[in-house]
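The values are calculated or read from the model by the stated rules, or taken from the named source; none is laboratory data. Treat the numbers as computed from the prediction; the structure is a model and nothing was measured. Cβ coordinates were reconstructed from backbone atoms using ideal geometry, including for glycine residues, and neighbour counts include every protein chain displayed. These accessible areas exclude ligands, DNA and RNA; they are computed on the full protein's heavy atoms, side chains included. Shrake-Rupley method; radii C 1.70, N 1.55, O 1.52, S 1.80 Å.
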Amino acid sequence: MVELKNVSVTYDNGVSALKDVSLKINDGEFVFFVGKNGAGKSTLIKLLIRDVKADERADLVPVVRVNGFDLMKMKQREVPKLRQTIGFVFQDYKLIGNMNVYDNIAFVLRSIDAPTRYIRKRVPQVIGLMGLQKKAKCFPNELSGGEQQRVAIARALVNNPQLIIADEPTGNLDPRTSEEIVRILHEINERGTTVLMVTHQLELVKDFGGRVVKISGGVIDCDDHV
């Protein structure tokens with residue numbers, strides 16, 4: 001679960017990126033985050049992964065809880081444990097160019113010292129879920145944009161995260177491929193994983209529907225279902 005209460009974030013340069021935000025996202029939800037550039041979406045994501053911390057306040061004690069972690073009380077050495085419960089999907093894929101599909105996905109598990117036997121079992125599973133069986137030995141530059149994003153989703157999913165954050169995952173893709181990526185994220189959500197998707201593409205939101213949180217000027221302007 002994600003829970004924010006009375007959360008503000010002010011950067012060192014004085015910019016107020018979030019202003020008294022309160023939000024609750026239950027386990028298993030799929031939520032679209034929408035808003036213009038500079039609205040506060042990126043800061044919200046940074047807050048959820050403890051890349052930035054909410055302002056300390058004398059009048060109201062802010063609450064930031066993600067996947068059972070209290071981020072206001074969390075020590076820096078505990079941050080990696082939080083991030084192991086979250087899968088990330090980015091607009092620019094962030095694949096490792098000199099690794100093939102299999103190794104790009106396996107890298108996540110190797111970085112947390114997962115047993116080799118488990119890696120050999122789990123990686124083919126998520127490759128299969130993404131329909132990439134024939135691409136397992138291909139390198140990123142041999143894949144289409146949609147295929148690269150499916151690899152990125154597989155990488156986000158391989159560690160069985162409680163939460164997937166997809167930050168503009170369709171920003172570099174054509175409309176048909178964008179719909180395919182959102183459909184895959186919905187399928188993952190239907191298996192029980194909470195999904196937060198940041199997007200500028202309102203047509204996707206209208207096509208798929210569901211809960212939509214609109215951020216404007218650092219505040220939640222609207223939280224509704226469409």
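The slack between N172 and M74, meaning 0.36 nm per residue of separation minus the straight C-alpha distance, is 31.8 nm.
For N26 and N141 in the same chain, what is the full-extension length gain: residue separation times 0.36 nm, less their Cα-Cα distance, in nm?
Details: separation 115, 0.36 × 115 = 41.40 nm, distance 3.78 nm.
Taking 0.36 nm per residue and subtracting the Cα distance, the gain is 37.6 nm.
Per the Debye calculation on the chain with a single equal scatterer at every Cα and no solvent contribution, log₁₀ I(q)/I(0) for q = 0.08, 0.10, 0.13, 0.15 Å⁻¹ amounts to -0.30, -0.46, -0.78, -1.02. Can you give me the long-range amide H partners of V52? Hydrogens built in the peptide plane at 1.01 Å from N, cutoff under 5 Å, separation of 5 or more residues or another chain. Residues meeting the criterion, in which the H sits 1.01 Å from N, are L47. Among G192, G14, G146, the residue with the largest mean-square fluctuation in a Gaussian network model of the chain, with springs joining Cα atoms closer than 10 Å, is G14.
Quick one: if the Förster radius is 22 Å, what FRET efficiency do K121 and I49 give, using the C-beta to C-beta distance and rounding to 0.05? Walk me through the numbers on the way to the answer.
Working: r = 28 Å, r/R0 = 1.26.
E(calc), rounded to 0.05, equals 0.20.
Take the Cα of V226, step 7 Å toward its Cβ, do the same at D12, and the gap between the two points is 3.8 nm. Given axes a ≥ b ≥ c from the Cα gyration tensor, I'd like to know whether segment 1-94 is rounded (a/c under 1.5), prolate (a/b larger than b/c) or oblate. Taking the square roots of the gyration eigenvalues as a ≥ b ≥ c, segment 1-94 is rounded. Taking the accessible area of the chain, probe 1.4 Å, and keeping the other protein chains in place, the carbon and sulfur fraction comes to 48%.
When the helices in the chain are scored as -39500 (n - 2.57) per DSSP H run of 4 or longer and the sum is shared across all residues, what 222 nm value do you end up with, to the nearest 500 deg cm²/dmol?
Working: 7 runs with 74 residues, N = 226.
So the helix-based figure for the chain works out to -10000 deg cm²/dmol.
Of the chymotrypsin sites (Phe, Trp or Tyr not before Pro) found in segment 1-85, those in coil by DSSP whose Cβ has at most 15 other Cβ atoms within 10 Å are Y11. Loop-located trypsin sites (Lys or Arg not before Pro) in segment 116-172 (DSSP state other than H, G, I, E, B) with a sparse environment of at most 10 neighbouring Cβ atoms within 10 Å: K137. Just list whichever of K46/K206; K53/K75; K41/K214 have alpha carbons separated by over 20 Å in the model shown. Pairs exceeding 20 Å: K46/K206.
Surface analysis of the chain yields an accessible area of 51 Å² per residue, using protein heavy atoms and a 1.4 Å probe.
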